[in-house]
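The structure appears below as structure tokens.
The values are calculated or read from the model by the stated rules, or taken from the named source; none is laboratory data. Bear in mind the structure is a predicted one, so any value in this text is a computation, not a measurement. Neighbour counts run over all protein chains shown; Cβ positions are idealised from the backbone, glycine included. Accessible surface areas use protein heavy atoms only, side chains included; no ligands, DNA or RNA. Shrake-Rupley method; radii C 1.70, N 1.55, O 1.52, S 1.80 Å.
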Amino acid sequence: MNTATDPKRQLLRQLNDILPPEAILTAKEDLHPYECDGLTAYRHLPLAVVLPTTTEQVQLIMKTCSRLKIPVVARGAGTGLSGGALPHADGIVLSLARFKQILAIDTANLHARVQPGVRNLAISQAVDHLGLFYAPDPSSQIACSIGGNVAENSGGVHCLKYGLTVHNILEIKVVTIEGELLTIGNDRQDTPGYDLLALMTGSEGMLGIVVEVMVKLTVKPETVQVLMADFAAIKDAGDAVAAIISRGIIPAGLEMMDKPAIRAAEDFIHAGYPLDANAILLCELDGTEDAVSDQVSRVSAILKAHHAGTIHIAKTATERARLWAGRKSAFPAVGRISPDYYCMDGTIPRKHLAHVLQKINDFSQIYGLGVANVFHAGDGNLHPLILYDANRPGELEKAERFGADILALCVKVGGSITGEHGVGHEKLDSMCVQFGEAELEVFHAVKRAFDPDELLNPGKAVPTLHRCAELGAMHVHHGQLSHPELPRF
Ligand SMILES: Cc1cc2nc3c(=O)[nH]c(=O)nc-3n(C[C@H](O)[C@H](O)[C@H](O)COP(=O)(O)OP(=O)(O)OC[C@H]3O[C@@H](n4cnc5c(N)ncnc54)[C@H](O)[C@@H]3O)c2cc1C
């Protein structure tokens, strides 16, 4: 090829006109830190990583890539667990890491305007002295970016009561693949037309680059109590969760951990968890003094009726923080007891919690791989952590099949293949289990409406019909499991 017309050379030449040299990385050793996200089993080096600092630069980069047909993968902090920020070998990674300013805090209207690279926790820290916080709190909140949260529609412990990212943002500014700057949403209650803000939230970098976010701020509750209950039977803990919510009590957080997760977290954080329990529930109740006191009594009664052993109420803010620290550190804690772990993310109707946990245990026996369960029980959002050793030939593939079977089970009982971690590269095949041809066609049509040449994060989140057809011929279609020995449910 004539090097003057080689799109890659043209790209680098044109990027040099847009960005200073230190904002364009092309050396192999500089690209390696961007080769994967939290799903480390998959890695690619991109052609280049660009680190713009202004919206105008992002617009020019997008225009250039659109003209030269170069794929663009947006990246926030790279904590995603589904390979969403996995680079494209023929494309660039567009990092939003340098967009880290909190632009405005509006206490009268309870919102803040922030750049996409601002860390989730930094928002709450910035408004703490005003008695406010930003409610969605992924366990990765110390590192993950608000742009990544919007792209994944991230959740966290407090989303049961306060909603996911989609419920806590008002407006975003987005750059399209053609380089156009769009403002989507506003700070009013409703707008005419389709809800494009909801469409963009959770779109995994497939429809545009988020360059600014207006987030809702929430007033801190008057009082907070955290209860920890231990159980001898996982089924009782699962049934207690369903009972609490069905009585009309919406805790600020309702989380469950099983024995392997309890042990790993306790060993790591010393949160005060009971090592002999088969399951614990952590339940946070917040509101006015009177309402919380009433809810503590009602929840305690429900827990006792479901055979909880000890019900412990944290006495101080420090103790509350310690109980939550154990839960929030559960993933890295599990990382200490196994060479590798594969974090799954699926959602089920709460009433099926006990049944599905039992099935996951059965799968664990069949596959011969351990599993630790730690999850947003109130939302029915499971996070089984499958333990494996990538150095043992075939174990990663076995862990992936085990994970796919868990997701198929979620679909079978009326749930979904994602809760909050997105589809990314990881769950393309599971999308074929959840959706049929007609639905996937609609997803592709939406993608093409925003990105006709499919340059934004290509190959992620929505599988091709061809891929699903091939897979259907092989093994998994509409809830059928991949392991021949698995019991049907
Ligand atoms: C230990 C651990 C715990 C976690 N706990 C939770 C949890 O409790 N809840 C939860 O929901 N998630 C959790 N996650 C997953 C992850 O932190 C979230 O998905 C988070 O929102 C990713 O943010 P990020 O900035 O790291 O995004 P990245 O990983 O960089 O990117 C994620 C996706 O968003 C796209 N993207 C990023 N920035 C932009 C942008 N500005 N515009 C357009 N697209 C963009 C990327 O292309 C990619 O598809 C956890 C991860 C880890 C490692």
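Note: relative contact order over segment 349-443, using C-alpha pairs below 8 Å and six or more positions apart, is 21 percent.
Can you give the helix-only mean residue ellipticity at 222 nm for the chain, where every DSSP H stretch with n ≥ 4 adds -39500 (n - 2.57) and the sum goes over all residues, rounded to the nearest 500 deg cm²/dmol?
My calculation for the chain gives -11000 deg cm²/dmol from helical runs alone.
If you restrict to DSSP beta bridges whose two residues both lie in the chain, what percentage is antiparallel, to the nearest 5?
Numbers: 55 of 63 bridges.
Once the DSSP bridges in the chain are tallied, antiparallel ones form about 85 percent.
So, R0 is 51 Å and r is the distance between the beta-carbons of VAL224 and ASN391; what FRET efficiency does that work out to, to 0.05? Write down the numbers at each step before the final one.
On the way: r = 44 Å, r/R0 = 0.86.
That pair, VAL224 with ASN391, gives E of 0.70.
Take the Cα of ILE313, step 7 Å toward its Cβ, do the same at LEU465, and the gap between the two points is 5.9 nm.
Looking at segment 327-394, which trypsin sites (Lys or Arg not before Pro) are DSSP coil and have at most 13 other C-beta atoms within 10 Å of their C-beta?
Numbers: sites: ARG327, LYS328, ARG336, ARG350, LYS351, LYS359; in loops: ARG336.
Listed in order of number, the matching sites are ARG336.
By the rule of a second cysteine Cβ within less than 4.7 angstrom, the chain holds isolated cysteines at CYS36, CYS65, CYS144, CYS159, CYS283, CYS343, CYS410. Protein-only accessible surface at a 1.4 angstrom probe places the residues ILE244, ILE269 in the order ILE269, ILE244, largest first. Each peptide in 116-127, 177-188 was scored by the mean count of other Cβ atoms within 10 Å over its residues; highest first, the order is 116-127, 177-188. Among LEU471, GLN101, LEU275, flag the residue with its Cα farthest along the positive direction of the charge dipole of the chain, charges on Cβ as +1 for Lys/Arg and -1 for Asp/Glu. Positive-end residue among those listed: LEU275.
Inter-label distance, LEU45 to ASP17: 2.8 nm, where each label sits 7 Å from its Cα along the C-beta direction. Where a ≥ b ≥ c are the square roots of the eigenvalues of the C-alpha gyration tensor, would you call segment 1-56 rounded, which needs a/c under 1.5, or, failing that, prolate if a/b is larger than b/c, or oblate? Cα axes put segment 1-56 in the oblate bin. Ranking ALA264, THR288, ILE249 by how far each Cα lies toward the positive end of the dipole of segment 223-333 (charges on Cβ) leaves ALA264 at the top. So, in nm, how far is label ASP195 from label ASP6 when the simple model puts each one 7 Å beyond its Cα toward the Cβ? That separation, rounded to one decimal, is 4.9 nm.
When only the Cβ of Lys, Arg, Asp and Glu is charged (+1, +1, -1, -1), the dipole of segment 9-137 relative to its Cα centre reaches about 420 debye.
Farthest toward the positive end of the dipole of segment 102-219, out of LEU207, PRO192, LEU164, is the Cα of LEU164, where the dipole comes from beta carbon charges about the Cα centre.
What does the C-alpha gyration tensor say about the overall shape of segment 339-471? Classify as rounded when a/c is under 1.5, otherwise prolate if a/b is larger than b/c, or oblate.
Values: a/c = 2.15, a/b = 1.52, b/c = 1.41.
Because a/c hits 1.5 or more and a/b exceeds b/c, segment 339-471 counts as prolate.
In this Cβ point-charge picture (+1 for Lys and Arg, -1 for Asp and Glu), the chain has a dipole of about 220 debye about its Cα centre.
Gain on full extension, evaluated as 0.36 nm per residue between LYS100 and THR183 minus their Cα-Cα distance, stands at 28.0 nm.
For segment 223-333, rounded, prolate or oblate, judged on the Cα gyration tensor with a ≥ b ≥ c (square roots of eigenvalues), a/c < 1.5 rounded, else prolate if a/b > b/c?
On the way: a/c = 2.01, a/b = 1.26, b/c = 1.59.
In terms of gyration-tensor shape, oblate.
Computed from point charges on the beta carbon alone (+1 for Lys and Arg, -1 for Asp and Glu), the dipole magnitude for segment 234-364 about its Cα centre is near 140 Debye. Looking at segment 102-219, the accessible area is 39 square angstrom per residue; that uses a 1.4 Å probe and ignores ligands, DNA and RNA.
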